[in-house]
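Notes follow the structure.
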Amino acid sequence: MKDTIPTAETASRRPEPAARGGRPRRRKLTFDRVTFFLAFLGVPLAIFVIFVLIPFGQAIFWGMTDWRGFSPDYNFVGFDNFTKMFQDDIFLKALRNVALLAAFVPLVTLTLALGVAVAITLGGPSKGPVRGIRGASFYRIISFFPYVVPAIIVGLIWAQMYDPNAGLLNGVLTGLGLDQFDTFAWLGEKAAAMPAVMFVIIWGLVGFYAVLFIAAIKGVPGELYEAAKIDGAGRFRTTISITLPAIRDSVQTAYIYLGIAALDAFVYVQAMVPNGGPDNSTLTISQRLFNVAFAKQQFGYATAMGVVLAAVTLVFAALVFLVNRLTGGGEGESKRKAPGSRARRAAAKGGAR
């Protein structure tokens, strides 16, 4: 096989990387490039426009009408539905409830999920190489099992467990000598209803995010943990300084998904407390929307609630991105060095000495 040796003539024929002014030259549109853009950009963009943007625009329009849902007749009322919404005490209570869910459910769920993931993947013996606990596969299956059960089934099961007269929870607590819980109504007391609902949501979702974090931790270079172990870092310090920064993007994505689930939370809450709980203490925007639309047949007003819920969800996602950016996430790769490469260079320097 003949080697090709670059010469001055061949080098002169190489395309220049940039045009005048330092700006890169535009590549010519060829048939292959056009078909590539149409297939991998045009089609997904068209699907997004048809099934996301257009329905959202229609929702905004119907939210400005007094449409009854089962009739083609409607009147355009402008922003009256939105004005009425923020004067509705029940809706404002539902808005406060979902804000409470969005504040606590993602934080507690991800904290527990990260703890389970770290224990399973890095909680092995302190001697020898860093590894997970014995029987890690079994614990992964056990932690993931509640997520496999449909949310409506989880809600109904826990509604029976919370039953004040024949519920399993009160029976266990009474058997332990806590007689004050003999007929305690977990979903009927204003102070206990929301925490009880939060517990069920967290119990149902923590396993999925634990498995997600386990997969993310598996992708962290092992030499980082070995170096931290040699330096004398404990498990907590290793988790804070190595594991969390390495899986930061996974945590951000999980936080957004959990926030969306908490802002909705319709299935869990509707299964346990369909009436909104004592003094509407567990009422969510989705429940209020459902009742207004199908019980009162005010579909225009209910659609306006859906628009506000979508806006609140977008604001929540934007806040998560903003916090991640302000705390050092999302930096360009050119501005930061990969921790794995730093560890490998440090190990190479140590071996050369």
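The values are calculated or read from the model by the stated rules, or taken from the named source; none is laboratory data. All values derive from a computational prediction rather than experimental measurement. For neighbour counting, all protein chains shown are included, and Cβ atoms are generated from backbone atoms with ideal geometry for every residue, glycine included. In case anyone asks, the SASA skips ligands and DNA or RNA and just uses the protein heavy atoms, side chains included. Shrake-Rupley method; radii C 1.70, N 1.55, O 1.52, S 1.80 Å.
General remarks:
- Segment Ala310..Ala136, full-extension length gain: 58.7 nm, with 0.36 nm per residue of separation and the alpha-carbon distance subtracted.
- Rounded Å value of the spacing that divides the Cα centres of the stretch 241-313 and the stretch 48-82: 20 Å
- Dipole magnitude for the stretch 208-297: about 120 debye, using +1 per Lys or Arg Cβ and -1 per Asp or Glu Cβ, origin at the Cα centre.
- Rounded to whole numbers, the Karplus 3J(HN,Hα) couplings from phi for the stretch 259-271 are x, 5, 5, 6, 5, 8, 6, 5, 5, 4, 5, 5, 6 Hz, using 6.51 cos²θ - 1.76 cosθ + 1.60 with θ = phi - 60°, and x at Gly and Pro.
- Cα gyration tensor category, rounded, prolate or oblate, for the stretch 79-327 with a/c compared to 1.5: oblate
- Full-extension gain in nm, Ala59 to Gln180, via 0.36 nm per residue minus C-alpha separation: 38.7 nm
- Selected from Met161, Pro150, Ile133, residue furthest toward positive end of dipole (the stretch 99-208; charges at beta carbon): Ile133
- Couplings for the stretch 276-291, taken from phi via the Karplus curve 6.51 cos²θ - 1.76 cosθ + 1.60 with θ = phi - 60°, read x, x, x, 6, 6, 6, 10, 5, 10, 4, 4, 5, 4, 4, 4, 5 Hz in order; Gly and Pro are left as x.
- Computed magnitude of the charge dipole of the stretch 79-327 (debye, nearest 20; Cβ of K, R +1, Cβ of D, E -1): 740 debye
- Point-to-point label distance, Phe36-Asn275, nm (Cα→Cβ direction, 7 Å offset): 6.3 nm
- Between the listed residues Thr284, Trp203, Gly123, the Cα displaced farthest toward the positive end of the dipole of the stretch 79-327, a dipole computed from Cβ unit charges relative to the Cα centre, is found at Gly123.
- Largest accessible area first, the listed residues Asp163, Asp249 line up as Asp249, Asp163 when surface is computed with a 1.4 Å probe on the assembled protein chains.
- Ordered from largest to smallest accessible area (heavy atoms of protein chains, 1.4 Å probe), the residues Ile50, Ile141 come out as Ile141, Ile50.
- Percent RCO, i.e. relative contact order, over the stretch 79-327, from Cα pairs under 8 Å lying at least 6 residues apart: 28 percent
- Using the 1.4 Å probe convention, the accessible area of the stretch 133-186 works out to 67 Å² per residue with neighbouring protein chains retained.
- Residues whose amide H lies under 5 Å from that of Thr65, counting only those 5 or more places away or on a different chain, are Val77; hydrogens are built 1.01 Å from N in the peptide plane.
- Protection proxy ranking, highest mean first, for peptides 268-281, 144-157: 268-281, 144-157, where packing is the per-residue count of other beta-carbon atoms within 10 Å, averaged.
- Residue-normalised accessible area of the stretch 251-295, given per residue in Å² at a 1.4 Å probe: 36 Å²
- Mean Cα-pair separation over length for the stretch 131-273, i.e. relative contact order, pairs under 8 Å, 6 or more apart, %: 32 percent
- When the Cα positions of Ile90, Thr238, Ala271 are compared along the charge dipole of the stretch 79-327, Thr238 comes out farthest toward the positive end, with charges on each C-beta of Lys, Arg, Asp and Glu.
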